[in-house]
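K.L.:
Right, I'll just put the structure down here and ask away after.
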Amino acid sequence: GTRGDVVYYGADDDASGSTALIAVAKALSSNPTRPKRSILFIAFCGEEMGLIGSRYYTDNPLIANEKMICHLQMDMVGRNEESQTGPASENVDTIHLVGSKRLSSELHGLVLAMNRHVNFRFEYDEEDVFSRSDHVNFHNKGIPIAFLFDGFHPDYHQPSDTVDKINLEKIANAARLFYLVAFEAANRDAPFKKDSGGATSKEKAA
């Protein structure tokens, strides 16, 4: 978007997540093997204004919330985080896995199992992240969620969030991971067991 004469490109926040979403949808639609369950792909508006789009949807769902077995969220999945563990150049395969164990250890376990095909190194520190993207409205309705997030960086919400800084392979791997998770989840006979509500980030890291 723009603010005055300044262009905010939003390459990571959140063109990266939208790109991954489209990639997963394209891959699933081209798979001749259809899953047992329907899969909805939704790009919500109004996230920066207070999660407006996802809140409206979860209050007025196309499919009853109690029939939703999980929600998978990708918001900012295209950058290498500059962290205490090392510079961005050393974090090409790290990504934050947020909230996946809060309502269902089964969903968390599925993400970990599918990650064997992608080999992300997961970070779990989520205190400043969990409530800041659209997945939280699904969590508040009792729907198990998993959220991929690449971490904050100096270009967050700045005009300097440009495509030349994007790690395209990280976007591709985020899409690969959630393609696998979505396909496996949609072929389950039963919903994910809800058994770990309120788990802390320390418990997740254990």
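K.L.:
When the C-alpha atoms of segment 1-94 are aligned to their principal axes, what extent does each axis show, in angstrom, from largest down?
P.N.:
42, 35, 26
K.L.:
Further, regarding this structure: For segment 2-205, what's the relative contact order in percent, using C-alpha pairs closer than 8 Å and at least 6 residues apart?
P.N.:
36
K.L.:
Set Lys and Arg Cβ to +1 and Asp and Glu Cβ to -1, take the dipole of the chain about its Cα centre, and tell me which of 149, 107, 94 lies farthest positive.
P.N.:
107
K.L.:
Would you mind telling me which residue in 111, 129, 98 has the biggest mean-square fluctuation in a Gaussian network model of the chain, where springs connect alpha carbons within a distance under 10 angstrom?
P.N.:
Ranking 111, 129, 98 by mean-square fluctuation puts 129 first.
K.L.:
Scan around residue 123 for amide H atoms under 5 Å from its own, H built in the peptide plane at 1.01 Å from N, and keep only partners 5 or more places away or cross-chain.
P.N.:
Under 5 Å from the amide H of residue 123 lie the amide H atoms of 95, 96, 97, each far enough along the sequence or on another chain.
K.L.:
Oh, and also: Using only the C-alpha atoms of segment 152-192, find the volume of their convex hull and express it per residue in Å³.
P.N.:
Value for segment 152-192: 95 Å³ per residue.
K.L.:
Classify segment 53-164: rounded, prolate or oblate, from the alpha-carbon gyration tensor (a ≥ b ≥ c, eigenvalue square roots; a/c under 1.5 rounded; otherwise prolate if a/b is larger than b/c)?
P.N.:
Oblate is the answer for segment 53-164, as a/c is 1.5 or above yet b/c matches or exceeds a/b.
K.L.:
Here is a further query. Below 10 angstrom from the Cβ of residue 103, what's the summed charge of the other residues (Lys, Arg +1; Asp, Glu -1)?
P.N.:
+2
K.L.:
Are there chymotrypsin sites (Phe, Trp or Tyr not before Pro) in segment 100-186 that DSSP puts in a loop and that have at most 14 other Cβ atoms within 10 Å, and which ones?
P.N.:
Here the chymotrypsin sites (Phe, Trp or Tyr not before Pro) that fit, given the DSSP loop and packing criteria, are 156.
K.L.:
Suppose we keep just the alpha-carbon trace of segment 2-205; what are its Rg and Dmax in angstrom?
P.N.:
16.4, 53
K.L.:
Related question: Highest mean first, what order results for 64-71, 38-45 on Cβ atoms within 10 Å?
P.N.:
Ranking the peptides 64-71, 38-45 by packing returns 64-71, 38-45.
K.L.:
Based on alpha-carbon centroids, what's the gap between segment 1-46 and segment 125-198 in Å, whole number please?
P.N.:
12
K.L.:
To continue, here is another question. So how far apart, in nm, are the two label points at residue 2 and residue 41 if each is 7 Å from Cα heading toward Cβ?
P.N.:
3.0
K.L.:
Also, I was wondering about something else. When the chain is treated as a GNM, springs tying every alpha-carbon pair under 10 Å, which of 62, 177, 112 comes out with the largest mean-square fluctuation?
P.N.:
Greatest mean-square fluctuation among the candidates belongs to 62.
K.L.:
Let me ask something else. So what's the net charge close to residue 187: Lys and Arg +1, Asp and Glu -1, counting the other residues with Cβ under 11 Å from its Cβ?
P.N.:
Spelling it out: positives minus negatives among the neighbours equals +2.
K.L.:
I've got another one for you. Find which of 8, 192, 180 sits farthest along the positive direction of the dipole of the chain, computed with +1 on the beta-carbon of Lys and Arg, -1 on that of Asp and Glu, about the Cα centre.
P.N.:
192
K.L.:
Also: Can you say what percent of the DSSP beta bridges in the chain, counting only those with both residues inside, are antiparallel? Round to 5.
P.N.:
DSSP beta bridges in the chain are roughly 45 percent antiparallel.
K.L.:
Run the numbers for residue 89 and residue 27: contour at 0.36 nm per residue of separation, minus the present Cα-Cα distance, in nm.
P.N.:
19.4 nm
K.L.:
Follow-up question, since we're still on this one. If you put +1 on each Lys and Arg Cβ and -1 on each Asp and Glu Cβ, how big is the dipole of the chain around its Cα centre, in Debye rounded to 20?
P.N.:
1140
Quick note: the coordinates plus some simple rules give every number you see, no bench work behind them. Just so it is clear, the model here is predicted, and its values are computed rather than measured. Because the Cβ atoms are built from the backbone with ideal geometry, glycine has one as well, and the counts that use them run over all protein chains shown.
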